[in-house]
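The values are calculated or read from the model by the stated rules, or taken from the named source; none is laboratory data. Keep in mind that this is a model prediction, so the values were computed, not measured. No Cβ is skipped: glycine too gets one built from the backbone with ideal geometry, and neighbour counts run over all protein chains shown. Calculation scope for accessible area: heavy atoms of the full protein, side chains included, ligands and nucleic acids excluded. Shrake-Rupley method; radii C 1.70, N 1.55, O 1.52, S 1.80 Å.
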Amino acid sequence: MRDGGVRLSLASLCGLVLLTAGCASRQSASVTGAGLPTVVPPPAAATGPLPVDGTYRGMRQFISSSNAGVLCGTTDDMTVTVSGRVLHYVLRQPEVPYMPTRAFDTPVDKDGFFSAASGAAYMRGQVGNGHMQGSMSGDACAYQFQADRSGP
């Protein structure tokens, strides 16, 4: 009889655990006014790469120079093109006679990030929703930049 009582207690305990687990899972589900669980749809999947092609016009702002005697300008207009998800920009640096220009051609990833290097120079940033921003450094001068897409 004692063994039967222990078995009954274990069986009762197992039933209580299962009942409690069932109640807990019901309480965590949200219920509509009709008593039916609410189905929450999964977040929308990305529709593909961010569209970035176009011509971007903006300004680059001087932030530093590798040589105090070099005149880098303070704020200069700039135009960047992106075609087929490839960014193209030519940095004009008349203050560097041995390398008056540096060309950057680099792919733009699906999230709009880009990074390019040309010798000691670099250009990196992000583009999306018609706006581009980032930083660049030539052979003598470093800049931050922002540009907006103009036209289609």
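Near F145, once Lys and Arg are set to +1 and Asp and Glu to -1 for all other residues with Cβ below 12 Å from its Cβ, the sum equals 0. Put simply, the amide H of F113, placed in the peptide plane, has neighbours under 5 Å in V127, leaving out anything fewer than 5 places away on its chain. Centre-to-centre separation between the Cα atoms of the stretch 47-61 and those of the stretch 91-152: 12 Å. Summing Cβ point charges (Lys, Arg +1; Asp, Glu -1) relative to the Cα centre of the stretch 65-119 gives a dipole of roughly 120 debye.
Near the amide H of Q93, within less than 5 Å, lie the amide hydrogens of T101, R102, all on another chain or at least 5 residues away, with H placed in the peptide plane. Couplings for the stretch 54-70, taken from phi via the Karplus curve 6.51 cos²θ - 1.76 cosθ + 1.60 with θ = phi - 60°, read x, 9, 10, 10, x, 10, 10, 10, 4, 10, 6, 9, 7, 9, 4, x, 8 Hz in order; Gly and Pro are left as x.
Estimated at the nearest 10 Å², the accessible area of R124 is 110 Å² with a 1.4 Å probe. For the stretch 125-140, putting each phi into the Karplus relation 6.51 cos²θ - 1.76 cosθ + 1.60 with θ = phi - 60° gives couplings of x, 9, 9, x, 6, x, 10, 10, 8, x, 9, 8, 9, x, 6, 9 Hz, in residue order, rounded to whole numbers and with x for Gly and Pro. Take the Cα of S115, step 7 Å toward its Cβ, do the same at N67, and the gap between the two points is 2.9 nm.
Placing M136, M59, M99 in order of accessible area, with the largest value first and a 1.4 Å probe, yields M59, M99, M136.
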